[in-house]
Amino acid sequence: MKKLFLLTQLLILSFAAIAQTSLSGRITDVDTGEELIGASVTVSKDGKFSIHTATDFNGNYRINLDPGTYDLEV
């Protein structure tokens, strides 16, 4: 039983070490509050292009990233 517990803990730690984080949000018009469908969202790190996506029909986006500091442009 103790070996099973230790194995389970090791697996959990292994997944945590390679886990990605995500950045998500909702883009809306500042004046009307309406969702912006298809708005361009670009993430860059150290001035280099990393990832590009667009918002969905509700103005939402989600980008999976490795931990770090990024610049976001909408």
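Only the coordinates and a few stated rules stand behind these numbers; no lab work does. Values in this document were obtained by computation on a predicted structure and should not be read as measured data. Cβ: placed from backbone, ideal geometry, glycine included. Neighbour counts: every protein chain shown.
Computed 3J(HN,Hα) for the stretch 33-40, one whole-Hz value per residue from the Karplus formula 6.51 cos²θ - 1.76 cosθ + 1.60 where θ = phi - 60°, is x, 6, 5, 9, 7, x, 5, 7, glycine and proline marked x. For Leu36, nonlocal amide neighbours, meaning residues 5 or more places apart or on other chains whose placed amide H falls under 5 Å from its own, are Ile27, Thr28, Asp29. A simple spin-label model places pseudo-atoms 7 Å from Cα toward Cβ; at Tyr70 and Ser44 they are separated by 1.4 nm.
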